[in-house]
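This report concerns only the one structure given below.
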Amino acid sequence: MLVTGLPSRRGVLQAAAAGPLLLLAACSSDGGEQTPDADDAVRSDVSASEQRLLARYDATIAAFPALAGKLQPIRDQHAEHLAAMGSQPTNRDDNGPAVGKTPAGAISDLTAAERSAATERVKASGQASSAELIWNLALIAASESQHATALARGSA
Amino acid sequence: MSDQAIDNLTQALEGEYAATYAYGLIGARVSGGALTRARQALSSHRQARDELRFDLAALQATVPPPAAAYDTGGPIDTAAQATALAVQTELRLVRNWAAVATTSAGPSRDRAVRHAQECATRAVTWGSPSQAFPG
C-alpha cells in the first residue's frame, strides 16, 4: 500500500484519486526520504480505517436520514481522528459500503465496526514511536470505545 | 525508566486514588443500576490503583500514599452531583492513562490504552457524550 521512492506527478495524481492514505505516504517523501518512517505507516493505516468508518456513517445516514441526529456527531468525531492523522475526508465515486436493511441492523453493524476499530487502535498505538502519535491513538482508541458503548446504549 | 515515565505513573496513581475516593461518595448518592455501576467502577479503580502501586514499587520509585480527601469540585449531595463527579473523574483518568501510554512500551502500553478506553466508556455510561479526544 505504501508508495516508496520519489513519486512521479502521475503517481501522486493516482494516489490522490485512490485516497489520502496514499497521498500522505507520497507527500512524506518530499523531504528526500526514500521510505516513509514507521509512524507514517501507522498514520496511513489508521487514516484508511477512519476513511472506511466515515464512508459507513455517510452511507448509513443516507439510507436512514432519521438516524442523522444520533450518527452525525460520531461521524464528525471520526473526521477529527482523520485530521489528527494528517488526512482529509475524500469524496467517493462508488456507491459506498453496504448498509443494514433496518435502522437497528445498521446501528448494530456500526457498533461492531467501532469495537473493531477500538481494538485496532490499541495495536496501532503499540506500533507508534512518537509520543504525540501514541497520545493521539490512545485517545482515538478511547473515543471509539465510547462510540461502541453509545451506539449500543441507544444514545450518542 | 525515565523520570517522565515515573511522573506519568504517579499522576495516574493520584487519579486512581481520587477515583476510589470519589466512588465512595458516588455510591452513597445513587441507587439501582447506577449503584451497581458505581460498585463495579470502584472495584476496577482499586485494581488499577494496585497495579500502579506495584509498577512504581517495581521501579523503586516513591509510591505516594493516598490523601485523606480529594477535591470533588463541590458538595456531592444529590444523584446528579454524584453522576457529574463520576463523569469528571473518568474523563480526567483517560488523559492520565494516555500519558502513561506515551512513556511505556509493549504490554504495558497496551494496558494503559485499554485503561483509557475503559475510563472513557464509563464516562459515557454516566451520561457523557462521546468525544473525538476524550478528557
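Miscellaneous remarks
- The residue of the stretch B:110-121 that is nearest to the other protein chains (Cβ to nearest Cβ), among those that are surrounded by fewer than 22 Cβ atoms within 10 Å (Cβ to Cβ) and under 18 Å from residue B:56 (Cα atoms), is B:110.
- Every condition in (1) aliphatic (A, V, I, L, M); (2) part of a helix (DSSP H, G or I); (3) over 12 Å from the mean Cα position of the chain (by Cα); (4) surrounded by fewer than 20 Cβ atoms within 10 Å (Cβ to Cβ) holds for residue B:100 except the one numbered (4).
- Residues that are within 18 Å of residue A:131 (Cα to Cα), of a type outside the set (Gly, Ala, Ser) and assigned to a loop (DSSP other than H, G, I, E, B) were ranked within the stretch B:103-135; the one that is nearest to the chain's Cα centre (by Cα) is B:134.
- Odd one out for residue A:111, checked against (1) out of contact with any Lys or Arg (no Cβ under 9 Å at 6 or more places or on another chain); (2) within 11 Å of chain B (Cβ to nearest Cβ); (3) not charged (D, E, K, R): (2)
- Every condition in (1) within 7 Å of chain A (Cβ to nearest Cβ); (2) in contact (Cβ under 8 Å) with a residue 60 or more places away in the chain holds for residue B:124 except the one numbered (2).
- All conditions in (1) within 14 Å of the chain's Cα centre (by Cα); (2) within 14 Å of chain B (Cβ to nearest Cβ); (3) not in a helix (DSSP H, G or I) hold for residue A:86, with the sole exception of (2).
- Residue A:56 vs. criteria among the charged types (D, E, K, R), over 30 Å from residue B:5 (Cα atoms), more than 9 Å from chain B (Cβ to nearest Cβ) and out of contact with any His (no Cβ under 7 Å at 6 or more places or on another chain): yes
- Residue pairs whose Cβ atoms lie under 7 Å apart, sitting 6 or more positions apart in sequence or on different chains, and linking a residue in the stretch A:96-112 that is under 16 Å from residue A:65 (Cα atoms) to a partner that is among the polar types (S, T, N, Q) and part of a helix (DSSP H, G or I), are A:99/A:60; A:100/A:108; A:106/A:60; A:110/A:60.
- Taking the listed residues A:131, A:117, the one that is in contact with a helix residue (DSSP H, G or I) (Cβ under 6 Å, 6 or more places away or on another chain), loosely packed, with under 15 Cβ neighbours inside 10 Å and within 14 Å of another protein chain (Cβ to nearest Cβ) is A:131, with no other qualifying.
Throughout, read-outs are computed from the coordinates displayed, never taken from laboratory work. Model, not experiment: these values are computed from the prediction. Using ideal geometry, Cβ is built from the backbone for each residue, glycine included, and neighbour counts are taken over all protein chains shown.
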